[in-house]
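Novice: Structure provided below as structure tokens; questions to follow.
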Amino acid sequence: MIPLNWLVALSAIVFTIGVVGVLVRRNALVIFMSVELMLNAANLAFVAFANHMKSLDGQIFVFFVMTVAAAEVAIGLAIIVHLFRLRETVFVDEIHLLKG
Amino acid sequence: MTIALFVGFAALLVVTSLMVILHRNPVTSALFLVLAFCSLAGIYLLLHAEFLGMVQIVVYAGAIMVLFLFVIMYLNLQHDVESGVQIALRRGIGWLAGAGLLLAGATLLGRGLALGPAAEVSPDQASGNVAAIGKALYSRYLFPFELTSVLLLVAMVGVIVIARGRARSPREDA
Amino acid sequence: MNASLLAWIPGLPLAAVLVNLLLGDRLGKKGTAWLACGAVVAAFALALRAVLQLAALPEHERHLSEVAWTWMRVGTFSVDVAFLLDPLSAVMVLVVTGVGSLIHIYATGYMSHDPSFRRFFLYLNLFMFAMLTLVLADNYLLLFVGWEGVGLCSYLLIGFWYERPSAAEAGKKAFIVNRIGDFGFMLGAFMLVTATGSLQFDRVFSAAPHVFTAAGVTLATLLMFLGATGKSAQIPLFTWLPDAMEGPTPVSALIHAATMVTAGVYMLARSHVLFELAPATMQVVAVIGAATALMAATIGLAQNDIKRVLAYSTVSQLGYMFMACGVGAFGAGIFHVMTHAFFKALLFLGAGSVIHAMSDEQYMRRMGGLSSRLPFTHGTMAVATLAIAGVPFLAGFFSKDEILHAAWASGHKGIWLAGIVGACLTAFYMTRLYVLTFRGPSRLSHEAEHHLHESPPSMIVPLVVLAVLSVVGGYVGMPFQQGGNAFETWLHPVLSAGGHAAHHEVSRGVEWLLILLSVGVALLGIVLSLRSYLWNPATATALQTRFAGLHRLLVNKYWVDEVYDAVLVRPFVGISEWMWRFWDAKVVDGLVNGVGTTLEGGSAILKLFQNGYVGTYALFITLGVIALFLHFLR
Amino acid sequence: MAELWSNPAVQSLTWALVKVLIILQALLGAVSYLIYAERKICGHIQARTGPNRVGPFGLLQPIADGVKLLFKEEFIPAQANKVIFHLAPILAVAPAIVTFSVIPMGPPPMFVVTDINVGLLLFLAMSSLGVYAITLGGWASNNKYALLGGLRASAQMISYELAMGLSTIPVILYAGTLSLVGIVERQGGWYHVVTLPWSLPGLGAELWLPNWGIFHWYLVIPFVIFLITAFAETNRAPFDLPEAEGELVAGFHTEYSSMKWALFFLGEYMNMIVISSIAVTLFFGGWHGPGLMFGTHGWFSPGPPWMGLVWYLVKLGALMFFFIWVRWTFPRLRYDQLMGFGWKVLLPATIVNVLIAALWLYARGAGG
């Protein structure tokens, strides 16, 4: 039996790594991957708690998260490809379209 | 045995995750991410979530990451150039923020996270949880489950529309 | 018994307005004329039918009402769009649609050369709709809708020739002065709602004696009377009416003689239950009416613009009506409204005919000797002059006599005196108008002489009809009838509702005396006028030089406009100027600009964070999460 | 030492290791001779003899090939991504070997390495990982033909994976489990196909068949689709677009040589073995022998456990032969035809089939 604290801590570490990845990298694709890492960290926490509570709800949630992630990745990558066609770059610090 | 395996997978997960964000080459990052997902699948197996473990590999490693690789190759990305004062500053801030987040999380976890005792009741977990998950999905979670199909449809349409770009009128072609 | 179709009476003119708007110029002049006149004539027919239905009912059941729909419902308070036909509104609706039809027909001739023919009839029909809504309304709110509607139409029609600055100014003046009165009326209506919880006439009147204090009802009625002074051009709000002569003559006839200005009188008669609860207000009404009658009559003596004389005469006659209401003789007031509608419309239309013939010349000093050239106009105008002067057996005689009798009978001898003097003056200035226009030597310019022509049949026919009405219209209210005169009897179910209408019996002898006196006074005024202007024109000039100061006073209308300008308008403009330059420009704008500047400054700082880079945003999200964690750790 | 041995965990671990070693060796041998078989069959299809110089009937040819490959010069393109270039061939082999851990080659526990409750999912997961080898190999070579081959491969394999996964679902519905051992066990016994209208003398009128998947009518189309997608997943003709010689030189492994090239080859043939094993497991009753039964009289083949291994190998061999046969008889598809076929024909067909199977099983379950 794996202690719950370990699992949650592992989840937190992986999540933080994802956050740092979003913050320090400038390649949109890598940032996107870091987001996936964060999602998976959350999934890990879900599964850990599901196991801990002997309930399937957590696993179901992970299932939904995976579905959403799949949809999100498809759309996100399409956007990145489109962006690359327009701007010839995937570096987020060369793109500041969010500025009003 | 379980603990040992867990520690091994956990170490692999942390190291590969770190490599994802540290490596300059996006392809390598993606491959490390695949590895991270696989080790995560291993942890899922240890947690008696066999179905999720396999789906993790099929969906994340087999589909999502292939898509990533596909895009990276399509855009023909090479090593990221990461130099200059501004980027260094950003990295510094980013790592600091990450450290702060981890520290705060650790304090939160260490201080007062009431995890409580494990529940006594055990749903049918021994005989593999595929059937149990299926039953839950098609009964209690039927509506969200059906909604995900709509979501996927929308995503599909969205991707096609975005990736196609502006539709050309016949006159432009002529 | 089938429905009386009350809603269609105002509805038909409105429909005509809509059709006119939708079809636009496609109708052509002829189509527009047919549409407009047809709608009003049909409304008259409907009104006639409804009134006949009403008359067929027993005396105390003469009360037709129709609810079109519920307009609004707020808690227990609700207002319906509902129409009411009782003897009082029957008189009004017949006068409005009848005289209105004639004037519409007249206007097709009068306005035939105007480029904005269609717009004119659009406004005219809109006016008919508003006025009919006003008189048929079942509650004060709907009445107010009509009230405002006629005000709006009055504005539109006075300023009909908006290219003329004077017309635009007059339109604005009418609107603003009316608004002041309307404000009073609204406050009065608010008081009614607050006290009685309803605006429906029946409920207000039945509740009023029980819920109102003496002071409360006095204040409410005074406020409503303020509204009436605005609409019916009484002191202090009469100044707009003479200026309103800038509008086309049919408008003057319709709005400023026959219908709209009588709205105040109608409202008073409608609310007589309330006014009878407030004797103080009645005093005020009587005094103001008498004062207006006298004042306007004196101004009328010295005016040289044919329409202006008529305008002041209208103000004066309206004063008589209020005088009647003030002494409690609401029936006499309404009677005068009716007769006045006939002869004053006739006078205006006749004047319009003259003006038309003279190629838009309104100045009486440039007329004279037109009797032979404009025979029909002359004849009808003569009848009208005699009628308004109070010559026996014409319409004006009966109604005016009724009012004077009521004033005497109620014991207001001062009021009666003012009335009798006013009657003399009326006879004098009307005769003056007649003489200057139709008698004596011709003072026409060569140009005008050349173009002089009698008006077309479409204008003459209404004149003749109105002339007949001016002669016979008074007989419904002939005195000495068995059991009171017919008109009073007809109105009795409505006006007796309050219960204690003031009726002081006067002996036959005194009554005869009063009649003889008023006849004598009228004849005196006519003779004096004839002497001064026809038989010995030098007298007039002599009088002018002799009483130069008085003459100046009268020509300048007691400088009322100037006084208003100095006392009210200038200070108001001054305050507004200060409000603009200091309060608005400095304080309000300063506040707004200050907010803007502050925001701009703040934004300039915040803008640094909104640099458009995803990474920055992600960093701030992370910092937010850390802050959240720290909050939980606290 | 004995104490350690008495620990059941150590026991099972040891057994597993032994099995793994045996399977690894067997697989390597099998692949070698599969290549030999391919060359032989190819030769005979093309009316020639194939390799026949090294050893009797050329039986030693695989060994000679292996030695040759080991000693060939290893060439790495200058601009290649070295790490990934080395990694790709390993990735080609590893998933196939992993899948073997769950394939029942005979009755458990002897002939099964491990039986997990999501065995079929593991197979699908591993086959989805197979994409990486080709894609990465193609990309890391820094060669446009290789890259094109890699991109084609990833698109092709993702597309056909869907149809493959969906085509196994009727079997899962039929078996009610994801465990491969469970699926095979479900296929034991007899299956009442039809009652003949006439009675055979002394046998009765009832025709029974072994309870294999393929003998159930609603599993026939899934089997056909599975087979087609199997060709695509293993990049075999007629779906060998990623390495189409005519257009892309050799596709993703253009730049590979020596042992790395051999590893790709090894991976391809191992994948063939794996996918054929899965087909045997899902549709052909795994270790169960064939049989036929009329009424109560019939011929069947229970046999000892090792007979199960034999039956399994026989079925596997037949499928392998089929693979090779197809390769040398069918022309290659055009790329758009390939994608169109996958998305517009196979995918809808499998979905409809899932529906049909589910309804049929539901109706039968409700009836009985």
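The values are calculated or read from the model by the stated rules, or taken from the named source; none is laboratory data. Everything numeric in this text was worked out from a predicted model, so none of it was measured. For neighbour counting, all protein chains shown are included, and Cβ atoms are generated from backbone atoms with ideal geometry for every residue, glycine included. Remember, those area values only see protein heavy atoms, side chains included, never the ligands or the DNA or RNA. Shrake-Rupley method; radii C 1.70, N 1.55, O 1.52, S 1.80 Å.
Novice: Which condition does A:Ala41 not pass, out of (1) of a type outside the set (D, E, K, R); (2) facing another protein chain (nearest Cβ under 7 Å); (3) open to solvent by less than 10 Å² (accessible area, probe 1.4 Å); (4) touching a Ser or Thr at 6+ places or on another chain (Cβ under 8 Å), if it passes all the others?
Specialist: (2)
Novice: Out of A:Ile17, A:Ile31, I need the residue that is facing chain B (nearest Cβ under 7 Å), open to solvent by 10 Å² or more (accessible area, probe 1.4 Å) and within 13 Å of the chain's Cα centre (by Cα). Which one? Outline the logic, then answer.
Specialist: Details: A:Ile31 fails: facing chain B (nearest Cβ under 7 Å).
Criteria check complete, one pass: A:Ile17.
Novice: Could you tell me which residue of the stretch A:46-100 is farthest from the other protein chains (Cβ to nearest Cβ), considering only residues that are open to solvent by 20 Å² or more (accessible area, probe 1.4 Å), within 30 Å of B:Ala131 (Cα to Cα) and touching a residue at least 40 places away in the same chain (Cβ under 8 Å)?
Specialist: Among those that are open to solvent by 20 Å² or more (accessible area, probe 1.4 Å), within 30 Å of B:Ala131 (Cα to Cα) and touching a residue at least 40 places away in the same chain (Cβ under 8 Å), it is A:Phe49.
Novice: Can I ask one more? Could you please find all residues in the stretch D:158-195 being in a helix (DSSP H, G or I), closer than 15 Å to D:Pro104 by Cβ and within 11 Å of chain B (Cβ to nearest Cβ)?
Specialist: Just the residues of the stretch D:158-195 that are in a helix (DSSP H, G or I), to begin with: D:158-175, D:180-186.
Subset that is closer than 15 Å to D:Pro104 by Cβ: D:171, D:175, D:180-186.
Scanning the stretch D:158-195 gives a single hit, D:Gly182.
Novice: Quick one: in the stretch D:192-222, of everything that is in contact with a Pro (Cβ under 8 Å, 6 or more places away or on another chain) and either over 22 Å from D:Ser277 (Cβ atoms) or of a type in the set (Val, Ile, Thr) (or both), which residue is surrounded by the fewest Cβ atoms within 10 Å (Cβ to Cβ)?
Specialist: Step by step, filter the stretch D:192-222, then rank; the result is D:Ala205.
Novice: Output the residue which, of all residues in the stretch B:44-59 that are free of Cβ contacts under 8 Å to residues at least 40 places away in the same chain and either more than 7 Å from every other protein chain (Cβ to nearest Cβ) or of a type in the set (Gly, Ala, Ser) (or both), is nearest to A:Phe63 (Cα to Cα).
Specialist: Per the criteria, the residue is B:Gln56.
Novice: Can you find even one residue in the stretch C:619-634 that is open to solvent by 70 Å² or more (accessible area, probe 1.4 Å), in a helix (DSSP H, G or I), at pLDDT below 80 and not polar (S, T, N, Q)? Steps first, please.
Specialist: Residues of the stretch C:619-634 that are open to solvent by 70 Å² or more (accessible area, probe 1.4 Å), as a first pass: C:620-621, C:623, C:628, C:630-632, C:634.
Okay, now just the ones that are also in a helix (DSSP H, G or I), so C:620-621, C:623, C:628, C:630-632.
Filter again for at pLDDT below 80, leaving C:632.
Add one more test, that the residue is not polar (S, T, N, Q), and what stays is C:632.
Yes, the stretch C:619-634 contains a residue that is open to solvent by 70 Å² or more (accessible area, probe 1.4 Å), in a helix (DSSP H, G or I), at pLDDT below 80 and not polar (S, T, N, Q).
Novice: Scan the stretch B:3-43 for residues that are open to solvent by 10 Å² or more (accessible area, probe 1.4 Å) and either within 7 Å of chain A (Cβ to nearest Cβ) or in contact with a Cys (Cβ under 8 Å, 6 or more places away or on another chain) (or both) and report the count. Give the steps one after another, and end with the answer.
Specialist: Applying the first criterion (open to solvent by 10 Å² or more (accessible area, probe 1.4 Å)) to the stretch B:3-43 yields B:3-5, B:7-12, B:14-15, B:18-19, B:22-24, B:28, B:31-32, B:34-35, B:38.
Imposing the further condition that a residue be either within 7 Å of chain A (Cβ to nearest Cβ) or in contact with a Cys (Cβ under 8 Å, 6 or more places away or on another chain) (or both) reduces the set to B:3, B:10, B:14, B:18.
Of the residues in the stretch B:3-43, 4 are open to solvent by 10 Å² or more (accessible area, probe 1.4 Å) and either within 7 Å of chain A (Cβ to nearest Cβ) or in contact with a Cys (Cβ under 8 Å, 6 or more places away or on another chain) (or both).
Novice: Kindly list, by first and then second residue, each pair from a residue in the stretch C:600-616 that is more than 26 Å from A:Val24 (Cβ to Cβ) and without any contact (Cβ under 8 Å) to a residue 12 or more places away in the chain to a residue that is open to solvent by less than 100 Å² (accessible area, probe 1.4 Å) and of a type in the set (A, V, I, L, M), limited to pairs with Cβ atoms under 6 Å and residues at least 6 apart or on different chains.
Specialist: none
Novice: Sticking with this structure for a sec: Please specify each residue of the stretch D:312-368 satisfying the condition of being open to solvent by 50 Å² or more (accessible area, probe 1.4 Å), aromatic (Phe, Trp, Tyr) and assigned to a helix (DSSP H, G or I).
Specialist: Passing the criteria: D:Phe321, D:Phe322, D:Trp325, D:Tyr335, D:Phe341, D:Trp343, D:Trp360, D:Tyr362.
Novice: Filter the stretch D:109-138 down to the residues that are part of a helix (DSSP H, G or I) and within 20 Å of D:Leu178 (Cβ to Cβ) and list them by number. Show your work before the answer.
Specialist: Looking only at the stretch D:109-138, we keep the residues that are part of a helix (DSSP H, G or I), and these are D:119-138.
Scanning the stretch D:109-138 gives D:Gly119, D:Leu120, D:Leu121, D:Leu122, D:Phe123, D:Leu124, D:Ala125, D:Met126, D:Ser127, D:Ser128, D:Leu129, D:Gly130.
Novice: Going through the stretch C:54-74 one residue at a time, which ones are loosely packed, with under 13 Cβ neighbours inside 10 Å, more than 15 Å from C:Leu491 (Cβ to Cβ) and either touching a helix residue (DSSP H, G or I) at 6+ places or on another chain (Cβ under 7 Å) or among the aromatic types (Phe, Trp, Tyr) (or both)?
Specialist: Within the stretch C:54-74, C:Trp69 is the sole residue that qualifies.
Novice: Only residues that are modelled with pLDDT of 75 or more, among the aromatic types (Phe, Trp, Tyr) and assigned to a helix (DSSP H, G or I): list them for the stretch D:236-283, please.
Specialist: If the condition is that a residue be modelled with pLDDT of 75 or more, among the aromatic types (Phe, Trp, Tyr) and assigned to a helix (DSSP H, G or I), then D:Trp261, D:Phe264, D:Phe265, D:Tyr269, D:Phe283 are the ones that fit.
Novice: Here's something else I'd like to know. Could you give me the residue pairs with C-beta distances under 7 Å whose first residue belongs to the stretch D:88-108 and is part of a helix (DSSP H, G or I), whose second residue is open to solvent by 40 Å² or more (accessible area, probe 1.4 Å) and small (Gly, Ala, Ser) wherever it lies, and which are 6+ apart or on separate chains?
Specialist: Partner pairs satisfying both residue conditions: none exist.
Novice: Right, another one. Which numbered condition trips up C:Ala215, out of (1) in contact (Cβ under 8 Å) with a residue 12 or more places away in the chain; (2) surrounded by fewer than 24 Cβ atoms within 10 Å (Cβ to Cβ); (3) in a helix (DSSP H, G or I); (4) of a type in the set (A, V, I, L, M)?
Specialist: All conditions are met except number (1).
Novice: Continuing with this model, one more query. Give me the residue from the stretch C:598-618 that is open to solvent by less than 90 Å² (accessible area, probe 1.4 Å) and modelled with pLDDT of 85 or more and, out of that set, nearest to B:Ala88 (Cα to Cα).
Specialist: If we take residues in the stretch C:598-618 being open to solvent by less than 90 Å² (accessible area, probe 1.4 Å) and modelled with pLDDT of 85 or more, then C:Ala604 is nearest to B:Ala88 (Cα to Cα).
Novice: Tell me, please, whether a residue that is open to solvent by 10 Å² or more (accessible area, probe 1.4 Å) and under 25 Å from C:Leu466 (Cα atoms) can be found in the stretch C:3-13.
Specialist: Yes, the stretch C:3-13 contains at least one residue that is open to solvent by 10 Å² or more (accessible area, probe 1.4 Å) and under 25 Å from C:Leu466 (Cα atoms).
Novice: Return the total of residues in the stretch C:534-588 being farther than 30 Å from C:Leu301 by Cβ and open to solvent by 60 Å² or more (accessible area, probe 1.4 Å). Step through it out loud before you land on a result.
Specialist: Step one: list which residues in the stretch C:534-588 are farther than 30 Å from C:Leu301 by Cβ, which gives C:571-588.
Among the residues that remain, those that are also open to solvent by 60 Å² or more (accessible area, probe 1.4 Å) are: C:572-573, C:575, C:577-584, C:586.
Matching residues across the stretch C:534-588 total 12.
Novice: Kindly indicate the residue of the stretch C:102-145 that is under 22 Å from C:Pro248 (Cβ atoms), open to solvent by 10 Å² or more (accessible area, probe 1.4 Å) and among the aliphatic types (A, V, I, L, M) and also nearest to the chain's Cα centre (by Cα) among those meeting that condition.
Specialist: Only one residue tops the list, namely C:Leu126.
Novice: Hey, can you tell me all the residues within the stretch D:1-20 that are of a type outside the set (A, V, I, L, M) and farther than 24 Å from D:Val102 by Cα? Explain how you work it out, then say what you get.
Specialist: Within the stretch D:1-20, the first condition is being of a type outside the set (A, V, I, L, M), and the residues that meet it are D:3, D:5-8, D:11-12, D:14-15, D:19.
Scanning the stretch D:1-20 gives D:Glu3, D:Trp5, D:Ser6.
Yes/no matrix, rows are residues, columns are (1) more than 30 Å from C:Asp202 (Cα to Cα); (2) in contact (Cβ under 8 Å) with a residue 12 or more places away in the chain; (3) open to solvent by 10 Å² or more (accessible area, probe 1.4 Å):
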{"residue": "C:Lys231", "(1), (2), (3)": "no, yes, no"}
{"residue": "C:Leu241", "(1), (2), (3)": "yes, yes, no"}
{"residue": "C:Met245", "(1), (2), (3)": "yes, yes, yes"}
{"residue": "C:Tyr266", "(1), (2), (3)": "no, yes, no"}
{"residue": "C:His272", "(1), (2), (3)": "no, yes, no"}
{"residue": "C:Met282", "(1), (2), (3)": "no, yes, yes"}
{"residue": "C:Ala286", "(1), (2), (3)": "no, yes, no"}
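Novice: Out of all the residues in the stretch D:33-54, which are within 23 Å of the chain's Cα centre (by Cα) and open to solvent by less than 40 Å² (accessible area, probe 1.4 Å)?
Specialist: Once the filter is applied, which keeps residues that are within 23 Å of the chain's Cα centre (by Cα) and open to solvent by less than 40 Å² (accessible area, probe 1.4 Å), the stretch D:33-54 yields D:Leu34, D:Tyr36, D:Ala37, D:Glu38, D:Lys40, D:Ile41, D:Cys42.
Novice: Then there is this: Modelled with pLDDT under 90, crowded, with 24+ Cβ neighbours inside 10 Å and farther than 22 Å from C:Phe487 by Cβ: is that true of C:Ser353 in this structure? Talk me through it step by step, then tell me what you get.
Specialist: Values: modelled with pLDDT under 90: yes; crowded, with 24+ Cβ neighbours inside 10 Å: yes; farther than 22 Å from C:Phe487 by Cβ: yes.
Answer is yes for this residue.
Novice: Related question: I'm trying to understand the selection: among the residues of the stretch D:106-157, which are more than 11 Å from chain B (Cβ to nearest Cβ), surrounded by fewer than 24 Cβ atoms within 10 Å (Cβ to Cβ) and closer than 23 Å to D:Thr229 by Cβ?
Specialist: D:Gln156
Novice: Next question, about the same structure. Given the criteria of a type in the set (A, V, I, L, M, F, W, C) and either in a loop (DSSP other than H, G, I, E, B) or on the phi > 0 side of the Ramachandran plot (or both), does C:Trp161 qualify? Steps first, answer last, please.
Specialist: Values: of a type in the set (A, V, I, L, M, F, W, C): yes; either in a loop (DSSP other than H, G, I, E, B) or on the phi > 0 side of the Ramachandran plot (or both): yes.
Spelling it out, C:Trp161 is indeed of a type in the set (A, V, I, L, M, F, W, C) and either in a loop (DSSP other than H, G, I, E, B) or on the phi > 0 side of the Ramachandran plot (or both).
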